[in-house]
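The values are calculated or read from the model by the stated rules, or taken from the named source; none is laboratory data. For clarity, every value in this text was computed on a predicted model and none was experimentally measured. Here the Cβ positions follow ideal geometry from the backbone for every residue, glycine too, while neighbour counts run over all protein chains shown.
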Amino acid sequence: MTVYDRLADLLARSFGLQRDEIEPDYTFAELELDSLALVELTLAAQDEFSVALSEDDLGAESTIAQAAKVIEAKVVEATAAA
Amino acid sequence: MNRAAVVSGLGTWLPPGVVTNDDLARELDTDDAWIRSRTGIGRRHIADPGTATSDLAVEAGRRALKSASVESVDAVILATTTPDQLCPATAPQVADRLGLGPVAAFDLSAVCTGFLYALGTAAGLIAARTAERVLVIGADTYSRILDPADRSTRAIFGDGAGAVVLRAGGAEEPGALGPLDLASDGGGAELIGIASGGSRSPFRADTLDRADPYFRMEGPTVFRQAVERMAHSTRTVVQRSGWQLPDVDVLVAHQANLRILHAVADQLHLERDRCAVHLDRVGNTAAASIPLALADAASSGLLRPGHRVVLTAFGGGLTWGACALRWPDVTAL
């Protein structure tokens, strides 16, 4: 499963969204995630992908595809370092 | 036998006045759904004008002494951010009104982590044989320091008090305080606090027009820290206890916000229903929240004698911490 799919599943699971409501080019703001929800998502994504994420990595205006790319780069980096 | 501080009584007090979310919605731009979805809070108790933190502390202290079936202690520690006045401390008056005689009595300031810091301090007094029995009270009257126009803090905070009696006993007894983790980061001091009224910005006639006497909190900024610090402290005390995380029967975390409680549980991979949740009925009662949540969890049956319980808190300072113990057979009053 791709990082995008896992992130989309996590979003659906954590915030009661339908999986098919989520599209790669939606921003988190368009999914009506407020600032607290973005913090919750950041914490949950750190746990899901076992990488450290900052507040800026999952910003309100980034799209889900962009966020997945950021996470993917960190996962690759962490795997290379291990 | 290794000497330890053992929980032998638990008492709580909430002022009778209740403010619901609908009551707040009548004077602020907010509503029940907004408050519940962001905080999980439905109502809070607010002290009547003329009621001070000492009044709440005395009531909770009296009940804790009765719960422990004792009439005397060697020390009183009052954790509070809202003392009756800046000077002197409130604890000596509480001790006096409880008829405890000329015992050691002092306030402890660690904001929402105050109760845990006070437990640690009391355990130290007992370990050093300075005291055989200590009354530890967490009491706060945040309604006095909130900006009437600030919907975010007014929705969150409520008034209340809770207290435990700690006695000298053995480390293997139920109720013995186990490993305690206490920590701080003063680099985040500006995130939670009251700017004016202290030595940096005293209330004086010539500075009053610039003073901000109200409690302020950067809620979204502290959310993540609160979750990560409480989860880390919990892991620390669980590990030092020789337990595994799934062994934790009940997590009694500072009742800041339901979403924080759930996020802490998720970080620890604990089922969310192992979290004591009391804030829906009382809000965030600052230093009082842990003893109040303990009493509520004990009365609902979530928390039973023998359970492995972790107490954890995060608050202004910044401060945070955790403590592990096996719950004793005490009746909360």
Can you pull out the residues in the stretch B:112-161 that are of a type in the set (Val, Ile, Thr) and under 15 Å from the mean Cα position of the chain (by Cα)?
B:113, B:121, B:136, B:137, B:141, B:156
Kindly indicate which of B:107, B:185, B:159, B:140 is touching a residue at least 12 places away in the same chain (Cβ under 8 Å) and in the same structural domain as residue B:292 (by TED's automatic domain parsing).
B:185
Hey, residue B:288 assigned to a helix (DSSP H, G or I), over 24 Å from residue B:305 (Cβ atoms) and not assigned by TED's automatic domain parsing to the domain that holds residue B:156 or not:
no
Over the stretch A:29-82, the set of residues within 14 Å of another protein chain (Cβ to nearest Cβ) and in contact with a strand residue (DSSP E or B) (Cβ under 8 Å, 6 or more places away or on another chain) is A:60
Looking only at the stretch B:19-41, count how many residues are surrounded by fewer than 21 Cβ atoms within 10 Å (Cβ to Cβ) and either touching a His at 6+ places or on another chain (Cβ under 6 Å) or assigned to a loop (DSSP other than H, G, I, E, B) (or both).
7
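Each row is one residue, and each column tells you yes or no for (1) surrounded by fewer than 23 Cβ atoms within 10 Å (Cβ to Cβ); (2) under 30 Å from residue B:49 (Cβ atoms); (3) modelled with pLDDT of 95 or more.
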| site | (1), (2), (3) |
| --- | --- |
| B:128 | yes, no, yes |
| B:137 | no, yes, yes |
| B:140 | no, yes, yes |
| B:144 | yes, yes, yes |
| B:151 | yes, yes, no |
| B:156 | no, yes, yes |
| B:164 | no, yes, yes |
| B:167 | yes, no, yes |
| B:195 | yes, yes, no |
Residues (touching a Leu at 6+ places or on another chain (Cβ under 9 Å) and not in a loop (DSSP other than H, G, I, E, B)) located in the stretch B:190-215:
B:191, B:192, B:215
Test set (1) within 14 Å of another protein chain (Cβ to nearest Cβ); (2) modelled with pLDDT of 95 or more - residue B:221 fails condition number:
(2)
Those residues of the stretch B:107-137 which are within 14 Å of residue B:176 (Cα to Cα) and outside any helix (DSSP H, G or I) amount to B:132, B:133, B:134
Total residues in the stretch B:254-313, condition within 14 Å of chain A (Cβ to nearest Cβ) and within 21 Å of residue B:117 (Cα to Cα):
5
For the condition more than 30 Å from residue B:222 (Cα to Cα) and surrounded by 23 or more Cβ atoms within 10 Å (Cβ to Cβ), what is the one hit in B:76, B:70, B:103?
B:76
Residues (part of a loop (DSSP other than H, G, I, E, B) and among the polar types (S, T, N, Q)) located in the stretch B:239-277
B:241, B:244, B:255, B:257
Subset of the stretch B:290-333 [polar (S, T, N, Q), closer than 21 Å to residue B:8 by Cβ and touching a residue at least 40 places away in the same chain (Cβ under 8 Å)]
B:331
